[in-house]
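Trainee: Quick one: this structure, given as structure tokens, is what I'll be asking you about.
The values are calculated or read from the model by the stated rules, or taken from the named source; none is laboratory data. Treat the numbers as computed from the prediction; the structure is a model and nothing was measured. So basically every Cβ, Gly included, is an ideal-geometry build from the backbone, and we count neighbours across all protein chains shown. The protein model used for the area step is the full one, side chains on, heavy atoms only, and it has no ligands, DNA or RNA in it. Shrake-Rupley method; radii C 1.70, N 1.55, O 1.52, S 1.80 Å.
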Amino acid sequence: MIQGHIESRLQAATTAVLPEADVSRVLVRVCADAKHGDFQSNALMGIAKQRQMNPRQLAADVVSQLDVAEWCEPVKIAGPGFLNFRLRPEAVNAALQIALASPMPFITPAATSRTVVVDFSSPNVAKPMHVGHIRSTILGDTLARVLRLLGHRVVTDNHLGDWGTQFGMLLFGWKTQLDEAALAADPIAELERIYKLINGDEALRDDARAELVKLQNGDEENLGIWQRMIELSQVQFDHVYSRLAIEFDETLGESFYNPKLAGVVEDLISKNIAEESEGAMAVFFPDNAQLADKPAIVRKSDGAANYTTTDLATLQHRLAEWAPDEIVYVTDGRQQLHFQQLFTIFRRWQADAPVRLEHVWFGSILGSDGKPFKTRSGEVVRLADLLDEAQERAYAVVSEKNADLDEAQRREIARVVGLGALKYADLSNNRQTDYVFDWNKMLALQGNTAPYLQYAYTRVRSIFRKVDAPNFSNIILAVTAPEELALAKHLMNFTQILEMVTEDHRPNFLCNYLFELAGHFSRFYEACPVLKAKEETERESRFALCELTSRVLKTGLGAMGIEVTEVM
Ligand code: ARG
């Protein structure tokens, strides 16, 4: 990656001028405004400030030691001491040439591969997956895919909510209220019905509690029913996952950790991390301003462990099993306190574990009224219904545009477009802001949407339907026009964007990048004839640029679990 080469040379030149300077922060970044150059570094100004040196003088001294002529025009010093780099067209063409021969154009795997556990989706058994889970599922899947593209080792783990007080009510309801036919038709709906029935009746609390205690004490009958509820729910979850092409390496639900919970609490007590408080065991955070008045319970007064205890056991298991460099938890923002407590306890418990812990949280999905997204009758929207509706609505759009395609083709395109639109709508927003769910906006063929990018892809591909497939291995890249160069340079930034996505856990960076890519392509296509290029060499070079654009579009969308089609 040229950017990386320039950065190493800049660091070497800085060391030549200031041998004792820490150059690890001397970074080269893509210029926000192409007017100034392609890459930029502002690091020397910081170094000059620290040492009370004249920043422009330092910049001039470093530039005199800097050799980047292979890739760049003469380096410019701007303002108080920025360095601006502009790529030479020869360097751009050389990079394109390498990309054209690569199975993964413009992707440079990370120098050191990290192990990252991604904990996402994690719905609760016997409850339908709702739109809140869609965000976790889609965001988590994308983070996992992007990490893998960059060569990292990823373990995806679905931390199912398969244990807890709700099972008392479910068990009592199962034994007294179950409608077998309804269960066969739609298990989760029936489980939900019996849950609501029992939960809504104060008089049945004690009966439900008694069933829960029996389950916790290993009662065979209750364990059997509980197991069936998990299996029935899993079938429905799996159905949604397969429609969304989402796979998990592990599905270790909360119950998996039950045998380990007592040990965790004992250990916390013996290390003076947890202490008795009103009959329960709790961890206090006196030195933490945010948590000072928010202790975390790790064992309730009735002896039961809870969500925090389970998550501590889960952390311990993951460290032992996979030795991850990072664990990412994708849940909604309401769990921020839980994860602050969890991470703080963990740091006290295992002070030197070299693992980065990240709570990747997201905001709510709102209806057009600005309130949490619900069905018309005020019910929680089920994910499966949402997928159906996305495909149905996309089918209408596709049929209108392509009346001549046969039914099966239109259905398949509608599947790709509908699911793509739904995923992209979720990913293209800043995950921490609430967003309004809007079918028309997400399915629009204009704007920053999946259908727009999928359509851009078909437009590029259509060029190759009009000619015999070029033999790309013989093509010599020779881009010169400003629109060609702008497109090519944007393609060259692909890896940096993927890295930014994994660093900040923000897929919207990738969405913006692809949206801009489609824009660069349009400008190129308007300004530079491809099929009607004057020279054979020019035409072939442009074919190659089209090919590379389509591959990056496809890989970029694929990194979000979004498919493309050849026609639309
Ligand atoms: N089951 C939880 C929920 O639906 C999410 C679990 C997230 N993962 C974790 N390790 N706590 O809210």
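Trainee: Do we find that residue 251 is crowded, with 17+ Cβ neighbours inside 10 Å, modelled with pLDDT of 95 or more and in contact with a Phe, Trp or Tyr (Cβ under 7 Å, 6 or more places away or on another chain) in this structure?
Mentor: No.
Trainee: For the stretch 66-75, give me each residue that is touching a residue at least 12 places away in the same chain (Cβ under 8 Å) and either over 18 Å from residue 42 (Cβ atoms) or in contact with an Asp or Glu (Cβ under 7 Å, 6 or more places away or on another chain) (or both).
Mentor: Those that are touching a residue at least 12 places away in the same chain (Cβ under 8 Å) and either over 18 Å from residue 42 (Cβ atoms) or in contact with an Asp or Glu (Cβ under 7 Å, 6 or more places away or on another chain) (or both): 67, 70, 71, 73.
Trainee: State all residues of the stretch 140-166 that are part of a helix (DSSP H, G or I) and in contact (Cβ under 8 Å) with a residue 60 or more places away in the chain; if no residue qualifies, say none.
Mentor: 140, 141, 142, 143, 145, 146, 147, 149, listed by residue number.
Trainee: Continuing with the same structure: When the residues of the stretch 533-565 are filtered to those that are at pLDDT 95 or above and not in a helix (DSSP H, G or I), which remaining residue is surrounded by the fewest Cβ atoms within 10 Å (Cβ to Cβ)?
Mentor: Among those that are at pLDDT 95 or above and not in a helix (DSSP H, G or I), it is 563.
Trainee: Further, regarding this structure: Against the condition more than 30 Å from residue 382 (Cβ to Cβ) and either in contact with a Phe, Trp or Tyr (Cβ under 8 Å, 6 or more places away or on another chain) or hydrophobic (A, V, I, L, M, F, W, C) (or both), how does residue 425 come out, does it pass?
Mentor: no
Trainee: Do we have any residue at all in the stretch 540-556 that's under 21 Å from residue 90 (Cα atoms) and acidic (Asp, Glu)?
Mentor: Yes - at least one qualifying residue is present in the stretch 540-556.
Trainee: Looking only at the stretch 334-354, filter to residues that are out of contact with any helix residue (DSSP H, G or I) (no Cβ under 8 Å at 6 or more places or on another chain) and aliphatic (A, V, I, L, M); which one of those is farthest from residue 372 (Cα to Cα)?
Mentor: This residue is 351.
Trainee: So which residues in the stretch 409-436 are surrounded by fewer than 18 Cβ atoms within 10 Å (Cβ to Cβ) and over 19 Å from the mean Cα position of the chain (by Cα), if there are any at all?
Mentor: Scanning the stretch 409-436 gives 409, 411, 412, 436.
Trainee: For residue 271, indicate whether it is open to solvent by 70 Å² or more (accessible area, probe 1.4 Å) and touching a residue at least 24 places away in the same chain (Cβ under 8 Å).
Mentor: So residue 271 fits the description; yes.
Trainee: Which condition number in (1) over 30 Å from residue 115 (Cα atoms); (2) buried (at least 16 other Cβ atoms within 10 Å of the Cβ); (3) in contact with a Lys or Arg (Cβ under 9 Å, 6 or more places away or on another chain); (4) not hydroxyl-bearing (Ser, Thr, Tyr) is the one that residue 279 fails?
Mentor: Just one mismatch for residue 279, condition (2).
Trainee: A further question on this structure: How many residues, within the stretch 113-128, are more than 8 Å from the ligand (Cβ to nearest atom) and open to solvent by 10 Å² or more (accessible area, probe 1.4 Å)?
Mentor: Residues meeting the conditions: 5.
Trainee: Taking only the stretch 323-365 into account, find how many residues are under 22 Å from the mean Cα position of the chain (by Cα), more than 14 Å from the ligand (Cβ to nearest atom) and open to solvent by 30 Å² or more (accessible area, probe 1.4 Å).
Mentor: Residues that pass the stated criteria total 3.
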